[in-house]
Amino acid sequence: MPGPRDPDDRLVRRVRDGDPAAFGDVHRRYAAPLEAYARRILGEHRAAAEDVVQEAFLRTHRILVRQPGRPIALRPWLYAVVRNAALDELRGDHRGRVDLADAAGGADPAAVATSRAALRDLLGRIAGLPDRQRSALLQHAVGGLAHEDVARNLGTSTGASRLLVHRARAALTAAGPR
């Protein structure tokens with residue numbers, strides 16, 4: 001049975017095959033050591049370590065899904081991506097990142113906290129979706145895959161892929177913020 005003890009190469013295959021639990025296994029395995037690594041790089045900016053690691057996980061997921069043939073040694077790859085994201089943070093290079101202060105309408109700490117809480121709520125609602133809906137939604141909306149590719153990854157039709165994404169979005173909308 002696949003699980004968090006899988007070797008890295010099997011986890012990579014599971015992510016690329018559309019297994020919705022696989023990336024959670026990657027996250028559980030590497031989040032804490034990657035945050036420690038990011039804190040060492042960031043020095044006095046160590047408070048940004050969690051954001052840097054989340055950015056690294058997003059980048060990694062995008063690469064795994066969009067470039068399924070690209071060989072990746074997961075552990076060294078993750079550390080390299082965290083290093084690059086931390087260096088981007090230190091340089092103030094936030095291209096392609098969602099700036100929560102901007103999203104909240106300014107640098108007001110209360111607005112940023114509210115925005116972060118809303119994001120955590122949304123992530124919790126996404127995690128509560130049925131596996132196939134969550135997988136289809138993440139592959140299409142976050143990973144940028146076409147419905148044909150999502151369908152192939154999930155072993156279903158293109159129409160079923162569209163329906164899974166539609167149902168996932170409808171469920172998120174109906175659930176609304178908690």
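The values are calculated or read from the model by the stated rules, or taken from the named source; none is laboratory data. Given the structure is predicted, the values throughout are model-derived calculations rather than measurements. Glycine gets a Cβ as well: all are built from the backbone with ideal geometry, and neighbour counts include every protein chain shown. Accessible surface areas use protein heavy atoms only, side chains included; no ligands, DNA or RNA. Shrake-Rupley method; radii C 1.70, N 1.55, O 1.52, S 1.80 Å.
The table that follows gives values for the structure above.
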| item | result |
| --- | --- |
| Counted residues, segment 125-172 - those being basic (Lys, Arg) and not in a helix (DSSP H, G or I) | 0 |
| Extreme residue, surrounded by the fewest Cβ atoms within 10 Å (Cβ to Cβ), among residues of segment 53-65 that are in contact with a Leu (Cβ under 7 Å, 6 or more places away or on another chain) and not small (Gly, Ala, Ser) | VAL65 |
| Neighbours by Cβ (under 8 Å, 6+ apart or cross-chain): first from segment 23-35, surrounded by 19 or more Cβ atoms within 10 Å (Cβ to Cβ); second of a type in the set (Phe, Trp, Tyr) and modelled with pLDDT of 90 or more | LEU34/TYR79 |
| Any chance GLY69 is surrounded by fewer than 18 Cβ atoms within 10 Å (Cβ to Cβ), on the phi > 0 side of the Ramachandran plot and either touching a Phe, Trp or Tyr at 6+ places or on another chain (Cβ under 8 Å) or not polar (S, T, N, Q) (or both) | no |
| Residues satisfying the stated conditions in segment 1-53, i.e. of a type in the set (Ser, Thr, Tyr) and either outside any helix (DSSP H, G or I) or closer than 16 Å to ASP88 by Cβ (or both) | TYR37 |
| Test: residue in segment 157-168 that is modelled with pLDDT of 85 or more, within 25 Å of ARG16 (Cα to Cα), open to solvent by 50 Å² or more (accessible area, probe 1.4 Å) and of a type in the set (A, V, I, L, M, F, W, C) | yes |
